[in-house]
1. If the Cβ limit is 7 Å and pairs must be 6+ apart or interchain, which residue in the range 221-249 that is aromatic (Phe, Trp, Tyr) pairs with which residue that is assigned to a loop (DSSP other than H, G, I, E, B) and modelled with pLDDT of 95 or more?
2. Please state which one of Arg273, Arg313, Arg281 is in contact with a Ser or Thr (Cβ under 9 Å, 6 or more places away or on another chain) and not acidic (Asp, Glu).
3. Can you name every residue in the range 30-53 that is at pLDDT 95 or above and of a type in the set (S, T, N, Q)?
4. Out of all the residues in the range 241-284, which are hydrophobic (A, V, I, L, M, F, W, C), at pLDDT 90 or above and over 20 Å from Gly124 (Cβ atoms)?
5. May I ask you to list the residues in the range 152-163 that are away from the ligand (no atom under 12 Å from the Cβ) and under 19 Å from Ile8 (Cα atoms)?
6. Do any residues in the range 24-46 that are without any contact (Cβ under 8 Å) to a residue 60 or more places away in the chain and within 16 Å of Ser101 (Cα to Cα) have Cβ atoms under 6 Å from those of residues that are assigned to a helix (DSSP H, G or I) and near the ligand (Cβ under 9 Å from one of its atoms), where the two are at least six apart or on different chains, and which pairs are they?
7. Taking the residues in the range 232-272 that are hydroxyl-bearing (Ser, Thr, Tyr) and away from the ligand (no atom under 13 Å from the Cβ) as candidates, determine which candidate is nearest to Val337 (Cα to Cα).
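The values are calculated or read from the model by the stated rules, or taken from the named source; none is laboratory data. Predicted model only: the values in this text are computed from it and were never measured. With ideal geometry, Cβ positions are generated from the backbone for all residues, glycine too; neighbour counts draw on all protein chains shown.
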Amino acid sequence: MSVDVTVIGLGYVGLPLVQEAVRAGLSVRGFDINQGVVDALNAGRSHIDDISDSELAEILAGGFQASTSEDVIKDAQTVVICVPTPLGEDGGPDLGAVEGSVHAIARNLTPGTLVVLESTTYPGTTDEVVRPILEAGGMRAGVDFHLAFSPERIDPGNPTFGAKNTPKVVGGHTPESGDRAAAFYGQFVDTVVRAKGTREAETAKLLENTYRHINIALVNEMARFCHDLGIDLWDVIDAAATKPFGFQAFYPGPGVGGHCIPIDPNYLSYNVRAKLGYPFRFVELAQEINATMPAYVVSRAQDLLNEDGKAMRGAKVLLLGVTYKPNIADQRESPAVPVARHMLDKGADLSYHDPHVARWDAFGDTVPAVDDLDAALREADLVVLLQNHRGYDVDAIAGASTRFFDTRGRVTPGERAHRL
Ligand SMILES: NC(=O)c1ccc[n+]([C@@H]2O[C@H](COP(=O)([O-])OP(=O)(O)OC[C@H]3O[C@@H](n4cnc5c(N)ncnc54)[C@H](O)[C@@H]3O)[C@@H](O)[C@H]2O)c1
């Protein structure tokens, strides 16, 4: 039986796409190589913050099924690739999962199928890596089947913008492939934006994330000298943000985390260096500044302990919020990990509290979770807010702490409450 779409890779990106397609009435299958993920989804258990079990129940009621069998690719009119693209050892993207899934598509490709790559990657991947694998069997992209790139811009945990109302950029290998891809997404995304080709669509995604990375680095660097000059940078940003044009507010923090911002700009700088032989200096500088923020936060924490005549060695330090962004459970690339590692190296007696993280993967039992937040606040020599989850009453927490260090700029500063 022919299905409208098969989604390959059922994670943070693939599953919300499945949800929107099912809601639009499309017949949808999912393919993933992880048997545990497939079994859990078919049993109604979601592993993604943005999809609850009840939403998954609706998806399954809409006819969705996940599978580890490539057969679900064969009958699909459209196949969308949403597999991971982590950084490889050489600093470029590790395309192993993309290549693996494209080979699976090639083995099952039928004439007229639309293949779309959504995974974030360097410019040229769709044309130089995906297309040759698909064409190896003799069919030609743009003639016998269609090929496009459409970056995923999903912002996990964002209550306002989801897969449906975030405009979708689409770049086809040929104009006809672009038309097919735009028509596909037009069925369940409010706004489809046509890029000239696959390379433009790939680069648009990298420009977006590089822009964020660089602007976060700008305020992170300013945070250091503003502190030394006795200037409240948070107040500075609030004032600057009143300009109705030409300025967008970015905020300092303990470092950048997640699967995108610390990683995607590297694809671009790697690609520029590999193809052209020169550096993308903005990215490399931003990388350097953002990567040193965890150590800077620890040195500021040491200074605060010093105010109370204490050393980091032996001090009871409580970390609040260890995920990479607020209100979700995702710990990938969280700057809380290097912060904790530096503190442990200096001998701190660490614990953490996070309503979304029952056990901190990076540390196991070395950094225990506290259940009773009030008692832990009383006992800690220093409390450091790393992630401002909804539900944290920051001023109340600061009031109950011996010393409070807020890396997110939410606390009302006071004698014992400090901002980055
Ligand atoms: N998470 C985000 O917020 C986000 C946002 C925008 C773009 N992206 C990009 O989207 C892509 C997917 O990211 P994600 O966060 O959804 O990853 P994820 O780890 O949540 O999910 C990926 C899924 O793909 C499966 N998989 C791996 N190799 C496979 C293969 N060869 N065949 C079939 N399935 C395979 C994994 O088992 C996993 O279930 C990445 O390129 C990422 O950079 C992610």
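1. Trp234/Gly409; Phe247/Ala241
2. Numbers: Arg273 fails: in contact with a Ser or Thr (Cβ under 9 Å, 6 or more places away or on another chain); Arg313 fails: in contact with a Ser or Thr (Cβ under 9 Å, 6 or more places away or on another chain).
None of the others qualify; the one that does is Arg281.
3. Filtering the range 30-53 down to residues at pLDDT 95 or above leaves 30-46, 53.
Answer for the range 30-53, where residues must be at pLDDT 95 or above and of a type in the set (S, T, N, Q): Asn34, Gln35, Asn42, Ser46.
4. Within the range 241-284, Ala241, Phe245, Phe247, Ala249, Phe250, Val256, Phe282 qualify.
5. none
6. Asp32/Val38
7. Kept after step one, since they are hydroxyl-bearing (Ser, Thr, Tyr), are these residues of the range 232-272: 242, 251, 267, 269-270.
This time we only want the ones that are away from the ligand (no atom under 13 Å from the Cβ), so: 242, 251, 269-270.
On the way: Thr242: 34, Tyr251: 20, Ser269: 25, Tyr270: 25 Å.
Only one residue tops the list, namely Tyr251.
To keep it simple, each residue is scored yes or no on (1) modelled with pLDDT of 95 or more; (2) in contact with a helix residue (DSSP H, G or I) (Cβ under 7 Å, 6 or more places away or on another chain); (3) assigned to a loop (DSSP other than H, G, I, E, B); (4) in the same structural domain as Val28 (by TED's automatic domain parsing).
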site	(1), (2), (3), (4)
Ile154	no, yes, yes, yes
Thr160	no, no, yes, yes
Ala163	no, yes, yes, yes
Val170	yes, yes, no, yes
Ala181	yes, no, no, yes
Tyr185	yes, no, no, yes
Asp190	yes, no, yes, yes
Asn209	no, yes, no, no
